């Protein structure tokens, strides 16, 4: 049972680009935001290495450093940033209740959810060990580093097909590892993959292991029909088997799509519950970029500020 309780004007749950941007705007608007960083302070960017596509960094920057910059800026304007993660919520009444670390109850006039999403992985030890060293879950983020090289991508849906064709423009050769004897992707996307000469689709194939000491040097693939094992000489390994939005605790109260992405009112960050807003990857299955997350973080803070003003909460 929770023992402690506290009331805040604006509570931000999660600390990636969306959460920190929301905090910067909310703090500057004198909303005295309190942020709980969650299980992965700084979000998905802390497990990437170089970020080269965020505007304003002409030489690129490292993901973890960038998140430290975001954090410092949020703190500079007075955001109260805390360790801890939301373990349950109650959005049934006019006052929003959030339990942190199963022990502390926070009541909040407004809540901004920026809990993000987590990439799904195959679960191989070698995949985790080389994550950020040739293994990536984002072709758009990291494809550029493999220009002119041979790479492999695992997945069979629209995202995998889209990322494979994206990589094909940059890389010499792209192996697409598909578990079944066909892709799940739409016919149009399949057509695009099959008409790209430097993509080789390996059907009925599963990744056994990623090879490499410090960086990726190859991938061992097994054919489930023939049992044949093959080693692909690649320097990059992309996993595109989907993302899981971190939205489980909000399910009883918020409208979501079938995968668990929080639905917002188009053109806003508003959810179906008054005073509760969602920003970043937890509400975005389409773009999933740091810059779009930051943009929706700004929207959420502005929406929350207007909501508080409409309620006469100063």
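The values are calculated or read from the model by the stated rules, or taken from the named source; none is laboratory data. Note that this is a predicted model, so its numbers are computed, not measured. Methodologically, a virtual Cβ is constructed for each residue, glycine included, from the backbone with ideal geometry; neighbour enumeration extends over all protein chains shown.
Residues that are within 17 Å of residue 285 (Cα to Cα) and in contact with a strand residue (DSSP E or B) (Cβ under 9 Å, 6 or more places away or on another chain) within the range 216-249 comprise 239, 240, 241, 242, 243, 244, 245, 246, 247, listed in sequence order.
None of 87, 79 is surrounded by 20 or more Cβ atoms within 10 Å (Cβ to Cβ), at pLDDT 90 or above and within 29 Å of residue 248 (Cα to Cα) except 79.
So, residue 76, is that one without any contact (Cβ under 8 Å) to a residue 24 or more places away in the chain and either out of contact with any helix residue (DSSP H, G or I) (no Cβ under 7 Å at 6 or more places or on another chain) or under 26 Å from residue 209 (Cβ atoms) (or both) or not? Yes. Taking the range 276-294, which residues are surrounded by fewer than 18 Cβ atoms within 10 Å (Cβ to Cβ) and assigned to a helix (DSSP H, G or I)? Passing the criteria: 291, 292. Take the range 294-313 and flag every residue that is in contact with a strand residue (DSSP E or B) (Cβ under 9 Å, 6 or more places away or on another chain) and over 13 Å from residue 114 (Cα atoms). Matches in the range 294-313: 303, 304, 305, 307, 308, 311, 313.
Of the residues making up the range 22-40, those that are assigned to a strand (DSSP E or B) and surrounded by fewer than 24 Cβ atoms within 10 Å (Cβ to Cβ) number 1.
Of the residues 123, 93, 148, 143, which is in a loop (DSSP other than H, G, I, E, B) and either in contact with a helix residue (DSSP H, G or I) (Cβ under 7 Å, 6 or more places away or on another chain) or touching a residue at least 24 places away in the same chain (Cβ under 8 Å) (or both)? Give the steps one after another, and end with the answer.
Numbers: 123 fails: either in contact with a helix residue (DSSP H, G or I) (Cβ under 7 Å, 6 or more places away or on another chain) or touching a residue at least 24 places away in the same chain (Cβ under 8 Å) (or both); 93 fails: either in contact with a helix residue (DSSP H, G or I) (Cβ under 7 Å, 6 or more places away or on another chain) or touching a residue at least 24 places away in the same chain (Cβ under 8 Å) (or both); 143 fails: in a loop (DSSP other than H, G, I, E, B).
Result: 148 is the single residue among 123, 93, 148, 143 that is in a loop (DSSP other than H, G, I, E, B) and either in contact with a helix residue (DSSP H, G or I) (Cβ under 7 Å, 6 or more places away or on another chain) or touching a residue at least 24 places away in the same chain (Cβ under 8 Å) (or both).
The one condition from (1) in contact with a strand residue (DSSP E or B) (Cβ under 9 Å, 6 or more places away or on another chain); (2) under 23 Å from residue 113 (Cβ atoms); (3) in contact (Cβ under 8 Å) with a residue 24 or more places away in the chain that residue 63 does not meet is (3).
If you check 19, 14, 43 for being at pLDDT below 95, buried (at least 24 other Cβ atoms within 10 Å of the Cβ), touching a helix residue (DSSP H, G or I) at 6+ places or on another chain (Cβ under 8 Å) and closer than 19 Å to residue 280 by Cβ, only one passes: 43.
Among the residues of this structure, residue 211 does not count as one that is under 24 Å from the mean Cα position of the chain (by Cα) and either at pLDDT below 95 or within 26 Å of residue 47 (Cβ to Cβ) (or both). For the range 246-275, residues that are buried (at least 24 other Cβ atoms within 10 Å of the Cβ) and not in a loop (DSSP other than H, G, I, E, B) total 2.
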